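Presented below is the structure to which this report refers.
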């Protein structure tokens, strides 16, 4: 009995130490990068500002065609007070994969990949104070789309208390009682819905897949700590972003495009691009190579 | 050629054995799983018929390997299980390490001389000349290596009387 216990303890000990092996003595120096956030921020969509100084019929129309209808009566200061003119409406439009990547706004809702028809951030301010919608008010938004489908996309709201923003449909999470349908209708612009909370809005649909895949990114030559890695699924216009060099929840069998972006200490831009079919869990070996801003932009435009 | 000579020497050494012996000599081939390096080793096993054994040993990872080094140290081996000609044991080892090509390494804090500690387990089998296999984990460098070798015993107290064929 004593020998058996010793033997089992030995095995356990070996398993523990086995998990802590190091190749430090023979590893080559890895290429190191700095955070790409400054570069990505310099490329992201500007927030459009609309000064509303009097009543009108609307809508407010963004650069990419987003239309917004709303009234001053619905807006409240943080202390609950109503407001007077003027106030400002701020809008960010992210419809292309490129813009979602620059803004680092993946389309993932509570761990599940989402099919997306676009993301917007709609905010209102009065004298620098962020406004909210009074219940039971709603703003109408229409998001441009060439081939919208009836009863297909749902209204997802962005939870900004986590990073990256997490998408969810349940307004009760914020203590709001939902009175609108929560499903996008179709109009002449594209998808239209009444939203009951300002902030990030996404026209999304959960991708049904009983099996999902994981991509793990590794490199023999590059330190991936400060590399922004994205997986784009063109079939569903889904953007996924790696956390700790791992992307999970990729629906089985879909075509995936991998794009990694980094900037070194000298400000040189680096990238890695690959196209993969997600038919298994995979370890993808990354080797970053330098690229011009114009060429990287072309790659992102062609996703 | 050099490796062949070492193996031949160990084989001949192993041919001088006795069930009564308490001292054994052995040699082994080594492979470090993390540094992907190949080496050779030699050892003396005191109390070789006892369950607790004392094993001074020497290892040398060859110059063509990624890590070229030698280590001299002492192991304590504790037999855990024994079944017929098979035996399993755990071991601890403390050693002085001389890392010859440490300057080639990018590892922070790499230095030529190091003190190492190892934990491991092994199995041996056979009569007379025994085969052994060991897995050992180097706590200092966080590396594991494998050893595969032969051990042969020499009759205790009769080495002067019996002349071993290996030295003829």
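The values are calculated or read from the model by the stated rules, or taken from the named source; none is laboratory data. Quick caveat: nothing in here was measured; it's all calculated off a predicted structure. Quick reminder, even Gly has a Cβ in these numbers, built from the backbone with ideal geometry, and neighbours come from all protein chains shown.
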Pair list, Cβ under 9 Å, 6 or more apart: region A:171-193 residue free of Cβ contacts under 8 Å to residues at least 12 places away in the same chain, other residue assigned to a strand (DSSP E or B) and surrounded by fewer than 16 Cβ atoms within 10 Å (Cβ to Cβ): none
Those residues of region B:33-58 which are within 8 Å of the chain's Cα centre (by Cα) and in contact (Cβ under 8 Å) with a residue 40 or more places away in the chain amount to B:41, B:43
Where residues in region A:155-170 are surrounded by fewer than 20 Cβ atoms within 10 Å (Cβ to Cβ) and touching a strand residue (DSSP E or B) at 6+ places or on another chain (Cβ under 7 Å), which of them is nearest to residue A:111 (Cα to Cα)? A:166
Considering region B:43-67 alone, what residues qualify as being over 13 Å from residue B:100 (Cβ atoms) and buried (at least 19 other Cβ atoms within 10 Å of the Cβ)? B:43, B:45, B:48, B:53, B:55, B:57
Of the criteria (1) modelled with pLDDT of 95 or more; (2) surrounded by fewer than 19 Cβ atoms within 10 Å (Cβ to Cβ); (3) more than 14 Å from chain A (Cβ to nearest Cβ); (4) within 18 Å of residue B:150 (Cα to Cα), which one residue B:85 fails: (1)
Checking the condition under 21 Å from the mean Cα position of the chain (by Cα), farther than 18 Å from residue A:44 by Cβ and at pLDDT below 95, which residue from A:265, A:249, A:253 passes? A:249
State whether the residues of region A:128-146 include one that is within 16 Å of residue A:65 (Cβ to Cβ) and without any contact (Cβ under 8 Å) to a residue 60 or more places away in the chain. yes
Tell me which residues, restricted to region B:88-114, are more than 10 Å from chain A (Cβ to nearest Cβ), over 18 Å from residue B:142 (Cβ atoms) and under 15 Å from the mean Cα position of the chain (by Cα). B:96
Which count do you get for residues in region A:213-233 that are surrounded by 17 or more Cβ atoms within 10 Å (Cβ to Cβ) and over 18 Å from the mean Cα position of the chain (by Cα)? 5
Selection status of residue B:117, closer than 14 Å to residue B:151 by Cβ and more than 10 Å from every other protein chain (Cβ to nearest Cβ): no
Members of region B:121-142 that are within 8 Å of another protein chain (Cβ to nearest Cβ) and touching a strand residue (DSSP E or B) at 6+ places or on another chain (Cβ under 6 Å): B:121, B:135, B:137, B:139
